[in-house]
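Step one of this worksheet: look at the structure below.
Nothing in this text is a laboratory measurement; each read-out follows from the coordinates by a stated rule. In this text the structure is predicted, and so the values were computed from the model without any measurement. When we count neighbours, we look across all protein chains shown, and the Cβ atoms used for this are built from the backbone with ideal geometry, even at glycine.
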């Protein structure tokens, strides 16, 4: 009798849970206006923001990023088991996960997918250089054996290294089948990409945190619509055509806020603006002159000119923003209000002869241009002669590859999950930042096997960056998007995601 009662109570509890889950599901559609058409849905080939935004709903990776941008399990069952020498990563896989075609997710899918990733993806190729072997250990475990320690491994397994069914893998993908909460139904180029709820989805556990934690496909359908013109995205959001509009101009903030139909959404620290210096050729080969640039500039004035309102930016000398695992004050120097006297002394000590400093920027990113204008004024106040060159973005990206053409160019970047993958501090990126102390600091990082050791090594890298002065971090900027009234559960993230989001009723 007691056993029967227990069974009935258990069944009732399960039925209640099922009803709750069904109540949360919706027949609604979320229509998302994106900045353009994805060139492909093969994110291994083209890991651009628009492809990552759409694909993260279809495909999943072994690990993903939590709110601190630390790598945590997604398709992996837990963190890797690491050998004593730090060269062998044993990764257990979650069981009971299905692909959209109904097949079971297993170790063979992981090895086949990651071998493709290591062959065709730029970050994957970097990993391939240090991988001795990648093998299956039964159906639910994979083993990486490395030639040397490689601290960024989990971070690189958290982005474009998506897992596909081994049977579907080809040089050119024709079927886009993943394990994510939504499945691809139809793609009409320049019209829409239509995703539908995957009823067989097996979510990871945990409180949602950035891309980590529980994922629920509440909307029945998500439709991504390419809308390249920003003003068209704004008007479509206000008129009710779109439920979400990505990348809105900050000038549209008040219009959206006052519309009564939608609200603006600020995503803090979407990226950072920098002035990158040419260390290979020309005026700034001398470290003292690069440090004079650092000392001369006022980041707050540059960011205020660029973004007009303190709601849309913050000034922070740490290369990573507050809230990130990597945020640190280590090594910060020559960053603040601008010190023309200190800059002038560095100019004198370096024997500056009045050669014009070629500062290159573009009006296609208006905030780059405005940063350049203010930077010119501060650099001239310190004693530099400045040649401000304003070109289109295509010309800038071509010209910056030629070390004879420029001294500083202005750009912006996002915050990656691993500090050693910041493009602007890699050896080959325009600026050609190579130094003995950087090589040693990065080697210490690569050798780290714990979070604590990585953090300490990153402190060392940031200290070296401030001393070598390969770039000047101007500040962090926020991104503005828009959400229709009645849509709930949306939490801003760098690549906007729409699981756990309820459509309008």
With each pseudo-label sitting 7 Å past Cα toward Cβ, what's the residue 231-residue 349 distance in nm, one decimal?
5.1 nm
So how long is each side of region 160-309 along the principal axes, counting just the alpha-carbon atoms, biggest first, in Å?
60, 47, 36
Work out the P(r) tail for region 65-165: percent of alpha carbon pairs separated by more than 23 Å, whole number.
20 percent
First check a/c for region 359-505, with a ≥ b ≥ c the square roots of the eigenvalues of its C-alpha gyration tensor; if it is under 1.5, answer rounded, and if not, answer prolate when a/b is larger than b/c or oblate otherwise.
oblate
Report the gain in length on full extension from residue 285 to residue 432: 0.36 nm times residue separation, minus Cα-Cα distance, nm rounded to one decimal.
51.9 nm
When the expected Rg is taken as 2.2 N^0.38 Å, what fraction or multiple of it is the alpha-carbon Rg of region 269-478?
0.97
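Name the shape class, rounded, prolate or oblate, that the alpha-carbon gyration tensor gives for region 111-172, where a ≥ b ≥ c are the square roots of its eigenvalues, rounded holds for a/c under 1.5, and otherwise prolate holds if a/b is larger than b/c and oblate otherwise.
oblate
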What are the semi-axes of the equivalent ellipsoid for region 173-219, taken as the square roots of 5 times the Cα gyration tensor eigenvalues, largest first, in whole Å?
24, 12, 10
Kirkwood-based Rg/Rh on the Cα set of the chain evaluates to 1.00
Rough spin-label spacing in nm, given labels placed 7 Å along Cα→Cβ, for residue 311 and residue 366:
1.6 nm
Please tell me the relative contact order of region 269-478 in percent, rounded to the nearest whole number, where contacts are Cα pairs under 8 Å and at least six residues apart.
39 percent
What is region 65-165's relative contact order, in percent, from Cα pairs under 8 angstrom and six or more apart in sequence?
29 percent
